[in-house]
Structures are given as C-alpha cells and as structure tokens.
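J.: Please find one structure pasted underneath; my questions will follow.
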Amino acid sequence: MPANVERVANLFVTKTVYTMVLVMILSLAQWSFLLLPRQFTLIDAFTIGTPAFFLSFAPNTRRYHPGFLSRLLRFTLPAGVILAAAVPVSILLARMETSTTLEQDQTLATIVLSLLGLRVLMVLAKPLVSWRGLLVAGMAIGFVLVLLIPFARTFFALTVPPWNVLLETGIVVIVAAALLQVVWRYFRAGGPTGVISTDQNS
C-alpha cells in the first residue's frame with residue numbers, strides 16, 4: 001500500500017505544481033488563462049482521477065521506504081515545470097505558424113497537458129504489465145475519443161487547430177516526454193530505476 005500511496009501522491013502533486021507554474025507564466029506574459037474548468041476536468045479524469053482510483057487499490061506488498069517527501073519533490077517539481085513550460089511553448093510556435101484563436105489555444109493546452117499527463121502516468125504505473133498497461137491504454141483511448149466525437153468536442157469547448165500546428169505541438173510533447181524520462185531516471189532517489197518503478201507486483 002505505501003508504494004500505491006506514493007504513486008498517487010506523485011500524480012496529484014505534479015498537477016498542483018504545473019498548475020501553479022502555469023498560472024505564474026501566464027500572469028507574467030499577461031495572457032488569458034488557457035483552460036476552462038471543464039477542460040481541467042477532462043485532463044484530470046484521464047490522467048489523475050480515474051487512474052489514481054485503480055492504482056490506490058492495487059495489490060502491493062512493498063513496505064515503506066524512508067525519504068518519501070524527498071522522492072516526491074525530486075520528481076514532481078521538475079516534472080510539473082516541464083508540463084507547465086510545454087504549454088506556452090506550443091502556443092508560441094502555433095502563433096508563429098498561423099493566427100490561432102483563444103479556443104484553439106485552449107485546445108492545444110488541453111492536448112499538451114493530457115498527453116504529458118499520460119506520460120507521467122506511464123512512468124508511475126510501471127511495470128506496464130497486465131491491467132496497468134490496459135489502464136494507461138484505456139485512458140489514452142478515452143481522450144482520443146473525446147477529440148474525435150463532435151458532441152464531446154463541443155461539450156468540452158475544444159476547437160482542433162490545423163494539422164501543421166498539431167504536428168509542431170507533437171514535437172514539443174515528444175521533447176517534453178523525453179525530459180520527463182530524464183527526470184525520472186536521474187532525479188529520483190534509489191538509483192536510475194527509482195523506488196516505485198522497480199515494484200514487480202501486478
């Protein structure tokens with residue numbers, strides 16, 4: 001159970017960090033806030049709320065390891081900064097390419113945070129065997145379906161930008177995801193694989 005608590009704590013604290021950092025960045029840049037409450041709900045549902053529920057009740061025999069707070073902050077602080085920074089970078093690149101609307105900017109922010117949130121989930125849910133891999137895949141499929149279904153797009157106020165903008169955003173997400181992997185491997189206590197990721201319970 002302690003390892004499950006640590007997994008879930010990493011998910012929630014990462015979200016808290018990237019929200020705070022994003023607010024500061026947008027305030028300094030004097031931009032409108034890039035996410036509606038319903039879009040935050042969408043991101044949380046697929047990257048935090050639903051997966052956290054299942055991960056918290058997963059069978060686990062790993063005992064408590066000292067240094068919980070240190071490990072938590074060592075991952076969540078840089079991870080949260082990476083997620084927050086990826087949003088304005090994506091939007092700045094999009095604005096250099098074409099004139100995007102506020103709705104398109106909000107959609108880009110939702111896509112970036114959802115994809116990178118899923119990447120964080122992949123790291124924390126390791127090993128991705130049995131139901132854990134299915135859980136991550138199910139969350140990813142659910143998010144894609146929201147983007148594809150017209151009613152869902154309308155409900156969440158999503159306006160998909162042109163393909164060239166999505167391609168540039170995809171490159172930003174790939175770079176940010178690679179940085180998240182570096183953070184996980186080299187900033188976690190307990191060696192390159194980290195304490196949580198070595199858990200072999202399914």
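J.: Sort the following peptides by mean Cβ neighbour count (other Cβ atoms within 10 Å, averaged over residues), highest first: 138-150, 109-121, 168-180.
T.: Numbers: 138-150: 14.3, 109-121: 24.3, 168-180: 17.3.
With the highest mean Cβ count within 10 Å placed first, the list reads 109-121, 168-180, 138-150.
J.: Net charge within 13 Å of ASN164 by Cβ-Cβ distance, Lys/Arg positive one each and Asp/Glu negative one each, not counting ASN164 itself?
T.: On the way: positive: ARG95; negative: GLU97, GLU168.
Net local charge, ASN164 excluded: -1.
J.: Short version: ³J(HN,Hα) in whole Hz for each residue of the range 158-167, in order, from phi by Karplus 6.51 cos²θ - 1.76 cosθ + 1.60 (θ = phi - 60°), x for Gly and Pro, what are they?
T.: Working through the residues one at a time gives 9, 10, 5, x, x, 5, 5, 5, 4, 5 Hz.
J.: Given H placed 1.01 Å from N in the peptide plane, which residues other than close sequence neighbours of THR159 have an amide H under 5 Å from its amide H?
T.: Amide H neighbours of THR159, under 5 Å, 5+ apart: THR107.
J.: Something else about it: What does the convex hull of the Cα atoms of the range 1-156 come to per residue, in Å³, rounded to a whole number?
T.: Details: hull volume 17.4 nm³, N = 156.
Dividing the Cα hull volume of the range 1-156 by its residue count gives 111 Å³.
J.: Whole angstrom only: what separates the Cα centroid of the range 103-174 from the Cα centroid of the range 19-40?
T.: 18 Å
J.: Hey, what do the phi angles of the range 121-131 turn into as Karplus ³J(HN,Hα) couplings, whole Hz, using 6.51/-1.76/1.60 and θ = phi - 60°, x for Gly and Pro?
T.: Going residue by residue, I get 4, 4, 5, 6, 8, 4, x, 7, 10, 6, 6 Hz, with x marking Gly and Pro.
Where a number appears in this text, it was derived from the coordinates with a stated rule and is not lab data. Owing to the predicted nature of the structure, the values given are computational and were not obtained by experimental measurement. Note that we place each Cβ from the backbone using ideal geometry, even for glycine, and neighbour counts take in every protein chain shown.
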